Amino acid sequence: MNPPQTIRDEQRALTRARLLDAARRVFARRGYHGASLDEIAREAGATTGAIYSNFAGKEDLFLALFEEHVASQNRKYREIFNRGQNLEERSRGGADDWMAFLHDEPDSFPLMIEFWSYAIRDPKLRRRYAARLAAFRQTFAELIEQGASELGIELPAGFAERMGTVINALGNGLALEKLADPESVPDELLGSTIALIFEALLAQARAEMGE
(Lines give C-alpha, C1' and ligand atoms only; values in the text may rest on other atoms or scores of the structure.)
Protein backbone atom coordinates (compact mmCIF):
# COMPACT_ATOMS: atom_id res chain seq x y z
CA MET A 1 0.00 0.00 0.00
CA ASN A 2 1.42 3.40 -1.00
CA PRO A 3 1.70 6.04 1.74
CA PRO A 4 -0.71 8.99 1.39
CA GLN A 5 0.60 12.08 -0.36
CA THR A 6 1.66 14.97 1.83
CA ILE A 7 0.88 18.60 1.04
CA ARG A 8 4.51 18.98 -0.01
CA ASP A 9 4.17 16.03 -2.43
CA GLU A 10 1.03 17.55 -3.93
CA GLN A 11 2.71 20.94 -4.35
CA ARG A 12 5.71 19.31 -5.99
CA ALA A 13 3.43 17.42 -8.40
CA LEU A 14 1.57 20.63 -9.27
CA THR A 15 4.84 22.47 -9.86
CA ARG A 16 6.10 19.66 -12.09
CA ALA A 17 2.88 19.70 -14.11
CA ARG A 18 3.07 23.48 -14.48
CA LEU A 19 6.68 23.24 -15.67
CA LEU A 20 5.77 20.57 -18.21
CA ASP A 21 2.89 22.66 -19.56
CA ALA A 22 5.17 25.68 -19.88
CA ALA A 23 7.90 23.62 -21.52
CA ARG A 24 5.42 22.24 -24.05
CA ARG A 25 4.50 25.78 -25.11
CA VAL A 26 8.05 27.12 -25.20
CA PHE A 27 9.46 24.12 -27.09
CA ALA A 28 6.63 24.42 -29.63
CA ARG A 29 7.32 28.14 -30.02
CA ARG A 30 11.13 28.11 -30.03
CA GLY A 31 12.12 24.58 -31.00
CA TYR A 32 14.33 22.40 -28.82
CA HIS A 33 17.58 24.32 -29.32
CA GLY A 34 15.95 27.75 -29.26
CA ALA A 35 14.17 27.11 -25.96
CA SER A 36 15.91 28.08 -22.75
CA LEU A 37 15.26 26.97 -19.20
CA ASP A 38 15.00 30.62 -18.18
CA GLU A 39 12.12 31.18 -20.61
CA ILE A 40 10.42 27.96 -19.54
CA ALA A 41 10.70 29.00 -15.89
CA ARG A 42 9.23 32.45 -16.64
CA GLU A 43 6.41 30.88 -18.65
CA ALA A 44 5.59 28.65 -15.67
CA GLY A 45 5.84 31.47 -13.15
CA ALA A 46 8.68 29.59 -11.46
CA THR A 47 12.45 29.70 -11.14
CA THR A 48 15.14 27.71 -12.88
CA GLY A 49 15.81 26.22 -9.47
CA ALA A 50 12.32 24.71 -9.58
CA ILE A 51 13.18 23.12 -12.91
CA TYR A 52 16.36 21.58 -11.51
CA SER A 53 14.44 20.35 -8.48
CA ASN A 54 12.24 18.29 -10.80
CA PHE A 55 14.43 17.54 -13.83
CA ALA A 56 18.13 17.01 -14.46
CA GLY A 57 18.13 19.63 -17.23
CA LYS A 58 16.64 20.48 -20.62
CA GLU A 59 17.17 17.00 -22.05
CA ASP A 60 15.44 15.39 -19.09
CA LEU A 61 12.59 17.89 -19.30
CA PHE A 62 12.05 17.20 -22.99
CA LEU A 63 12.18 13.43 -22.47
CA ALA A 64 9.53 13.73 -19.77
CA LEU A 65 7.32 15.61 -22.23
CA PHE A 66 7.99 13.04 -24.93
CA GLU A 67 7.13 10.22 -22.55
CA GLU A 68 3.79 11.91 -21.79
CA HIS A 69 3.15 12.29 -25.52
CA VAL A 70 3.93 8.62 -26.23
CA ALA A 71 1.69 7.42 -23.39
CA SER A 72 -1.18 9.68 -24.50
CA GLN A 73 -0.93 8.63 -28.15
CA ASN A 74 -0.71 4.95 -27.29
CA ARG A 75 -3.81 5.14 -25.07
CA LYS A 76 -5.66 6.78 -27.93
CA TYR A 77 -4.49 4.16 -30.47
CA ARG A 78 -5.71 1.35 -28.21
CA GLU A 79 -9.08 3.02 -27.75
CA ILE A 80 -9.48 3.61 -31.50
CA PHE A 81 -8.47 0.02 -32.28
CA ASN A 82 -10.91 -1.44 -29.78
CA ARG A 83 -13.74 0.69 -31.16
CA GLY A 84 -13.14 -0.62 -34.68
CA GLN A 85 -15.86 -2.94 -35.94
CA ASN A 86 -13.86 -4.58 -38.72
CA LEU A 87 -10.38 -4.94 -40.20
CA GLU A 88 -10.74 -1.76 -42.25
CA GLU A 89 -11.69 0.40 -39.27
CA ARG A 90 -9.02 -1.10 -37.07
CA SER A 91 -6.33 -0.70 -39.70
CA ARG A 92 -7.22 2.88 -40.58
CA GLY A 93 -8.24 4.31 -37.22
CA GLY A 94 -4.88 5.05 -35.64
CA ALA A 95 -3.36 6.07 -38.96
CA ASP A 96 -6.12 8.61 -39.63
CA ASP A 97 -5.72 9.95 -36.11
CA TRP A 98 -1.97 10.41 -36.68
CA MET A 99 -2.58 12.43 -39.84
CA ALA A 100 -5.13 14.55 -37.99
CA PHE A 101 -2.55 15.15 -35.24
CA LEU A 102 -0.07 16.46 -37.82
CA HIS A 103 -2.71 18.90 -39.03
CA ASP A 104 -3.93 19.98 -35.59
CA GLU A 105 -0.47 20.32 -33.98
CA PRO A 106 1.87 21.28 -36.82
CA ASP A 107 4.74 22.26 -34.49
CA SER A 108 4.89 18.94 -32.65
CA PHE A 109 6.41 16.60 -35.24
CA PRO A 110 9.15 19.03 -36.41
CA LEU A 111 10.08 19.42 -32.74
CA MET A 112 10.33 15.63 -32.35
CA ILE A 113 12.53 15.43 -35.45
CA GLU A 114 14.75 18.23 -34.15
CA PHE A 115 15.28 16.34 -30.90
CA TRP A 116 15.71 13.02 -32.75
CA SER A 117 18.53 14.48 -34.88
CA TYR A 118 20.17 15.79 -31.71
CA ALA A 119 19.71 12.61 -29.67
CA ILE A 120 21.14 10.18 -32.22
CA ARG A 121 24.50 11.97 -32.05
CA ASP A 122 24.85 11.23 -28.33
CA PRO A 123 24.97 7.48 -27.53
CA LYS A 124 23.72 7.91 -23.95
CA LEU A 125 20.88 10.24 -24.90
CA ARG A 126 20.02 8.09 -27.91
CA ARG A 127 19.43 5.09 -25.64
CA ARG A 128 17.14 7.11 -23.37
CA TYR A 129 15.19 8.45 -26.34
CA ALA A 130 15.00 5.05 -28.05
CA ALA A 131 13.62 3.45 -24.88
CA ARG A 132 10.65 5.81 -24.99
CA LEU A 133 10.21 5.56 -28.75
CA ALA A 134 10.06 1.76 -28.47
CA ALA A 135 6.72 2.07 -26.69
CA PHE A 136 5.08 2.99 -30.02
CA ARG A 137 6.39 -0.15 -31.70
CA GLN A 138 5.37 -2.26 -28.73
CA THR A 139 1.83 -0.90 -28.78
CA PHE A 140 1.48 -1.55 -32.51
CA ALA A 141 2.85 -5.07 -32.07
CA GLU A 142 0.38 -5.81 -29.27
CA LEU A 143 -2.55 -4.55 -31.33
CA ILE A 144 -1.45 -6.70 -34.28
CA GLU A 145 -1.24 -9.73 -32.00
CA GLN A 146 -4.68 -8.94 -30.56
CA GLY A 147 -6.25 -8.52 -33.97
CA ALA A 148 -4.70 -11.71 -35.29
CA SER A 149 -5.83 -13.67 -32.25
CA GLU A 150 -9.42 -12.44 -32.62
CA LEU A 151 -9.36 -13.52 -36.27
CA GLY A 152 -8.00 -16.94 -35.33
CA ILE A 153 -4.67 -16.34 -37.08
CA GLU A 154 -1.40 -17.57 -35.60
CA LEU A 155 1.45 -15.24 -36.46
CA PRO A 156 5.06 -16.39 -36.87
CA ALA A 157 7.37 -15.59 -33.97
CA GLY A 158 8.56 -11.99 -34.07
CA PHE A 159 6.21 -11.03 -36.90
CA ALA A 160 4.10 -8.60 -34.86
CA GLU A 161 7.21 -6.82 -33.56
CA ARG A 162 8.58 -6.39 -37.06
CA MET A 163 5.27 -5.12 -38.38
CA GLY A 164 5.08 -2.69 -35.45
CA THR A 165 8.41 -1.27 -36.56
CA VAL A 166 7.22 -1.01 -40.17
CA ILE A 167 4.01 0.80 -39.23
CA ASN A 168 5.84 3.27 -36.99
CA ALA A 169 8.43 3.97 -39.67
CA LEU A 170 5.77 4.33 -42.35
CA GLY A 171 3.85 6.85 -40.27
CA ASN A 172 6.96 8.89 -39.53
CA GLY A 173 8.18 8.77 -43.12
CA LEU A 174 4.88 9.97 -44.55
CA ALA A 175 4.77 12.69 -41.89
CA LEU A 176 8.12 13.99 -43.12
CA GLU A 177 6.88 14.00 -46.70
CA LYS A 178 3.61 15.71 -45.77
CA LEU A 179 5.23 18.45 -43.72
CA ALA A 180 7.62 19.26 -46.57
CA ASP A 181 5.02 18.96 -49.35
CA PRO A 182 1.49 18.71 -47.94
CA GLU A 183 -0.21 18.19 -51.29
CA SER A 184 1.92 15.12 -52.07
CA VAL A 185 0.50 13.06 -49.18
CA PRO A 186 -3.31 12.76 -49.01
CA ASP A 187 -4.63 12.44 -45.47
CA GLU A 188 -6.02 8.97 -46.19
CA LEU A 189 -2.80 7.56 -47.69
CA LEU A 190 -1.33 6.12 -44.49
CA GLY A 191 -4.59 4.47 -43.43
CA SER A 192 -5.22 3.08 -46.90
CA THR A 193 -1.71 1.63 -47.10
CA ILE A 194 -1.91 -0.05 -43.69
CA ALA A 195 -5.37 -1.41 -44.51
CA LEU A 196 -4.04 -2.91 -47.76
CA ILE A 197 -1.13 -4.53 -45.92
CA PHE A 198 -3.41 -6.21 -43.41
CA GLU A 199 -6.01 -7.24 -45.96
CA ALA A 200 -3.22 -8.95 -47.92
CA LEU A 201 -1.89 -10.65 -44.78
CA LEU A 202 -5.38 -11.83 -43.84
CA ALA A 203 -5.98 -13.21 -47.33
CA GLN A 204 -2.69 -15.08 -47.23
CA ALA A 205 -3.40 -16.52 -43.79
CA ARG A 206 -6.83 -17.72 -44.88
CA ALA A 207 -5.37 -19.26 -48.03
CA GLU A 208 -2.83 -21.15 -45.94
CA MET A 209 -5.60 -22.42 -43.65
CA GLY A 210 -7.57 -23.57 -46.71
CA GLU A 211 -10.54 -21.26 -46.18
Arg127: modelled with pLDDT of 95 or more and assigned by TED's automatic domain parsing to the domain that holds Gln73, yes or no? yes
All but one of (1) at positive phi; (2) in contact with a helix residue (DSSP H, G or I) (Cβ under 7 Å, 6 or more places away or on another chain) hold for Gly57; state the number of the condition that does not hold. (2)
Quick check: is even one residue across the range 156-170 more than 18 Å from the chain's Cα centre (by Cα), farther than 18 Å from Lys76 by Cβ and among the charged types (D, E, K, R)? no
Tell me, which helices (runs of 4 or more DSSP H) lie completely within the range 39-155 with 3 or more residues that are closer than 30 Å to Arg206 by Cβ? 58-83, 87-104, 123-150
Output the number of residues of the range 172-185 satisfying the condition of being loosely packed, with under 13 Cβ neighbours inside 10 Å and either of a type in the set (Phe, Trp, Tyr) or more than 19 Å from the chain's Cα centre (by Cα) (or both). 4
When you scan the range 109-129, how many residues do you find that are surrounded by 12 or more Cβ atoms within 10 Å (Cβ to Cβ) and small (Gly, Ala, Ser)? 1
Being in contact (Cβ under 8 Å) with a residue 24 or more places away in the chain and surrounded by fewer than 17 Cβ atoms within 10 Å (Cβ to Cβ) narrows Arg29, Arg90, Arg83 down to just Arg29
Only unsatisfied item for Gln138, checking (1) at pLDDT 95 or above; (2) within 14 Å of the chain's Cα centre (by Cα); (3) under 17 Å from Thr193 (Cβ atoms), is (3)
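The values are calculated or read from the model by the stated rules, or taken from the named source; none is laboratory data. All values derive from a computational prediction rather than experimental measurement. We place every Cβ from the backbone using ideal geometry, glycine too, and count neighbours over all the protein chains shown.
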